[in-house]
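Q: Structure below; questions to follow.
The values are calculated or read from the model by the stated rules, or taken from the named source; none is laboratory data. These numbers were taken from a predicted model, which means no experiment stands behind them. Cβ placement follows ideal geometry from the backbone for every residue including glycine, while neighbour counts extend to all protein chains displayed.
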Amino acid sequence: MTGHDGWQPEAPELVRPYVITKGRGLPDEDDLSLITLVTASDGQQQRPARLSPEEQSLLDLCAAGYLSVAEIAGHTHFPLGVVRILLASLMEGGHLTTRPPVARARLADREILEEVLNGLRAKFG
Amino acid sequence: MTEYTGNPLLWVALVALVAAAVLISRQRKAARALRQQVQGLRDHYTELESDYGKSVQAAQERAEDETKTVLKSAMRTLQGLAAEQQLVLSRLQTKYGDSALLQDLLEIDHTNSQFGRRAQSIAVLCDGWLGGRRDTASVYDVVRSAQGRIRHFRRVDILSQVDFGITSRAVEPVALALAELLDNATSYSSPDTVVEINIRTVPKGICVVVDDAGVGMSDEERARADKLLATERASGVAGLGNPPQFGFAVIGLLCERFGFEVSVDSSSPYGGVRAVVLLPHELLTAMPEKKAPAAAPAARGTARPVPDGGPEAALTSSQTGDGLPRRRRKRPMAIVPGSASTPRAAGRSDSEQAQVMGAFQRGTQSGRVTEPDRAERTDRPDNAGRTSDTPGASSEGHEVS
């Protein structure tokens, strides 16, 4: 039992990763970066039976809500690139949607805060 | 009568008659002897001939056996190396999973698998080692494993899945036989066509149907294939031709040894060959269980209650057979909650947080308290004579005695 005893699909040695990815190439770094958030599309109730078990598992994983690509990879035992390829193909099939990483919170404008403070002082102080 | 006795002619004739009779009887004897001799020689000859045949056959068998032995051990080495390389590649793939290097690693992995399969095929022909032990695997995975062992695996399309597994004993042979079939199918069809695989449940077991849109087989090829698959088993690597045609010879041997059937006598609706692998019930099991299913969506939201013992108790609540604590897998957690608002994930409530902090503080305090205690003990009169540079050691020695 190595570190990833949680999520091992069928015999890791039997089916090699390049078969699981069906020989597809790595997706563009911009499309699917480590911190891109992924979730299952709304209309994925009628899941096609043609998906491989690995793709099904990824969909199950993403069904709960937004997960980052890095996190999804952490819950599988596959190399990160393989997960990205699988996610990209699921996106192409319309089973997954992505959301760009959350933008950094911008600091509130100092002038507005000062004005509010002054206003409050004028009213109550 | 007497008038003839004086006739010398008569005497001459008589003598001649006697001489002729003697001569004839002698000739006869000689002829008989010769005939016997010829018969003897003939027997000897046939004996020699059969002896020669036997010894040639024996020599051939011996040579074949020797070739087999040599090839078997050579292939065993190669198979071991291929397996080792596969492990190294898996490790590298994990290590460089996030770099562009992965693409190349996957390609090397593919080449390595083909190399391993070649060595395996030759090993099968030499009654050799088939490879390491496998776990029970689903039929779908065995088919995919076979797919990964051929060059043009991208052209193979698996159209259906069934909920059956293959017993651990049969995983490797079935995968190898299928790989040989797929290799044939992809090699003898044009590069832009797809080889389709259908997995069907039939009363006798499960059928894996491989259809290619190639040129099909000539009657001669079909006859050879039927012979190798059904009646006559290939033995050794002799007679495979140049370039050697391993496929059907390997499949035939595997069929015989592991009890499944392969037939190639029908033609595919796409014009090529339809190969059917029939896996009998003896080789089938239930679908292998996933070791741990991915977190079910329903399980989310109902957060795991944290026992009073704190987070550590939650982590070590179960134990393995060896008595070691088993680590619980942490549930995948979404960074941003989905549309359905879920209750706050169970962390520590404020009071628990306070408890933990309090316990920590008490711990450090008690730690500080005991240290002076010990120091006091070493200062007691019975220890006064001891050197003060090893107070801890001396106090412990005192407690033991």
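Q: Which numbered condition trips up B:ILE108, out of (1) at pLDDT below 90; (2) within 10 Å of chain A (Cβ to nearest Cβ)?
A: (1)
Q: Go through the residues of the range B:42-55 one by one and say whether even a single one is in contact with a Phe, Trp or Tyr (Cβ under 6 Å, 6 or more places away or on another chain) and surrounded by 10 or more Cβ atoms within 10 Å (Cβ to Cβ).
A: Here is the first cut: in the range B:42-55, the ones in contact with a Phe, Trp or Tyr (Cβ under 6 Å, 6 or more places away or on another chain) are none.
No, because not a single residue in the range B:42-55 is in contact with a Phe, Trp or Tyr (Cβ under 6 Å, 6 or more places away or on another chain) and surrounded by 10 or more Cβ atoms within 10 Å (Cβ to Cβ).
Q: Is there a residue being aliphatic (A, V, I, L, M) and more than 26 Å from B:ASN198 (Cα to Cα) anywhere in the range B:144-154? Quick ask: steps written out before the conclusion?
A: At the first step, the residues of the range B:144-154 found to be aliphatic (A, V, I, L, M) are B:146, B:150.
So of that shortlist, the ones also more than 26 Å from B:ASN198 (Cα to Cα) come out as none.
No: the range B:144-154 contains no residue that is aliphatic (A, V, I, L, M) and more than 26 Å from B:ASN198 (Cα to Cα).
Q: Next question. For the range B:148-155, indicate whether the set of residues that are at the interface with chain A (Cβ under 8 Å from one of its Cβ atoms), buried (at least 23 other Cβ atoms within 10 Å of the Cβ), modelled with pLDDT of 90 or more and assigned to a helix (DSSP H, G or I) is non-empty.
A: Step one: of the range B:148-155, the residues at the interface with chain A (Cβ under 8 Å from one of its Cβ atoms) are B:148, B:153-154.
Next cut, buried (at least 23 other Cβ atoms within 10 Å of the Cβ) only: B:148, B:153.
Checking which are modelled with pLDDT of 90 or more leaves us with B:148, B:153.
Next, from what is left, pick out any that are assigned to a helix (DSSP H, G or I): B:148, B:153.
Yes, because at least one residue in the range B:148-155 is at the interface with chain A (Cβ under 8 Å from one of its Cβ atoms), buried (at least 23 other Cβ atoms within 10 Å of the Cβ), modelled with pLDDT of 90 or more and assigned to a helix (DSSP H, G or I).
Q: Further question on the same structure: From the list A:ALA40, A:ALA73, pick out the single residue that is crowded, with 19+ Cβ neighbours inside 10 Å and without any contact (Cβ under 8 Å) to a residue 12 or more places away in the chain. If you could, list the steps in order and put the result at the bottom.
A: Working: A:ALA40 fails: without any contact (Cβ under 8 Å) to a residue 12 or more places away in the chain.
Answer to the check: A:ALA73.
Q: B:ASP211 fails exactly one of the following numbered conditions: (1) surrounded by 21 or more Cβ atoms within 10 Å (Cβ to Cβ); (2) facing another protein chain (nearest Cβ under 10 Å). What is the number of that condition?
A: (2)
Q: Also, quick follow-up: B:LEU125 versus (1) in contact with a Gly (Cβ under 8 Å, 6 or more places away or on another chain); (2) under 30 Å from B:ALA286 (Cα atoms): which is the lone unmet condition?
A: The single condition B:LEU125 does not satisfy is (2).
Q: Out of B:GLN114, B:GLN60, B:GLN86, I need the residue that is at the interface with chain A (Cβ under 8 Å from one of its Cβ atoms) and in a helix (DSSP H, G or I). Which one? Write out each step before concluding.
A: Numbers: B:GLN114 fails: at the interface with chain A (Cβ under 8 Å from one of its Cβ atoms); B:GLN60 fails: at the interface with chain A (Cβ under 8 Å from one of its Cβ atoms).
Of the residues listed, the single one that is at the interface with chain A (Cβ under 8 Å from one of its Cβ atoms) and in a helix (DSSP H, G or I) is B:GLN86.
Q: As an exercise: evaluate B:ALA123 against (1) among the small types (Gly, Ala, Ser); (2) surrounded by fewer than 22 Cβ atoms within 10 Å (Cβ to Cβ); (3) in contact (Cβ under 8 Å) with a residue 40 or more places away in the chain and give the number of the one condition it does not meet.
A: It fails just one condition, (2).
Q: Restricting the range A:42-57 to residues that are modelled with pLDDT of 80 or more and assigned to a loop (DSSP other than H, G, I, E, B), which is nearest to the other protein chains (Cβ to nearest Cβ)?
A: In the first step, residues of the range A:42-57 are kept if they are modelled with pLDDT of 80 or more; the result is A:51-57.
Still in the running and assigned to a loop (DSSP other than H, G, I, E, B): A:51-52.
Working: A:LEU51: 10, A:SER52: 8 Å.
Among those that are modelled with pLDDT of 80 or more and assigned to a loop (DSSP other than H, G, I, E, B), it is A:SER52.
Q: Filter the range A:89-125 down to residues that are surrounded by 11 or more Cβ atoms within 10 Å (Cβ to Cβ) and at pLDDT 90 or above and give me whichever is nearest to the other protein chains (Cβ to nearest Cβ). Full working, then the answer.
A: The first filter runs over the range A:89-125 and keeps only residues surrounded by 11 or more Cβ atoms within 10 Å (Cβ to Cβ), leaving A:89-93, A:95-99, A:101-102, A:113, A:115-118.
From what's left, at pLDDT 90 or above: A:113, A:115-118.
Values: A:LEU113: 27, A:GLU115: 32, A:VAL116: 29, A:LEU117: 30, A:ASN118: 35 Å.
Among those residues, the one meeting the criterion is A:LEU113.
Per-residue answers, yes or no, for (1) modelled with pLDDT of 85 or more; (2) charged (D, E, K, R); (3) surrounded by 18 or more Cβ atoms within 10 Å (Cβ to Cβ):
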| position | (1), (2), (3) |
| --- | --- |
| B:ASP192 | yes, yes, no |
| B:ILE206 | yes, no, yes |
| B:LEU229 | no, no, yes |
| B:ALA238 | no, no, no |
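Q: Here is a follow-up. I'd like the residue in the range B:127-147 that is surrounded by fewer than 23 Cβ atoms within 10 Å (Cβ to Cβ) and within 21 Å of B:ALA249 (Cα to Cα) and, out of all such residues, is nearest to the other protein chains (Cβ to nearest Cβ).
A: So the residue we want is B:GLY131.
Q: Say we look at the range A:67-89 and pick out the residues that are part of a helix (DSSP H, G or I) and among the β-branched types (Val, Ile, Thr); which of these is nearest to the chain's Cα centre (by Cα)? Step through it out loud before you land on a result.
A: First, the residues of the range A:67-89 that are part of a helix (DSSP H, G or I): A:69-75, A:80-89.
Add one more test, that the residue is among the β-branched types (Val, Ile, Thr), and what stays is A:69, A:72, A:82-83, A:85.
Details: A:VAL69: 4, A:ILE72: 6, A:VAL82: 14, A:VAL83: 10, A:ILE85: 12 Å.
That would be A:VAL69.
Q: A further question follows. Exactly one of these conditions fails for B:ALA238: (1) assigned to a helix (DSSP H, G or I); (2) in contact (Cβ under 8 Å) with a residue 40 or more places away in the chain; (3) more than 22 Å from B:GLY148 (Cβ to Cβ). Give me its number.
A: (1)
Q: Checking B:THR186 against (1) part of a loop (DSSP other than H, G, I, E, B); (2) hydroxyl-bearing (Ser, Thr, Tyr); (3) touching a strand residue (DSSP E or B) at 6+ places or on another chain (Cβ under 8 Å): exactly one of these is not met. Which one?
A: Condition not satisfied by B:THR186: (1).
Q: Return a yes/no flag: does the range B:273-287 have any residue that is in contact with a Lys or Arg (Cβ under 6 Å, 6 or more places away or on another chain), of a type outside the set (Asp, Glu), assigned by TED's automatic domain parsing to the domain that holds B:THR193 and outside any strand (DSSP E or B).
A: no
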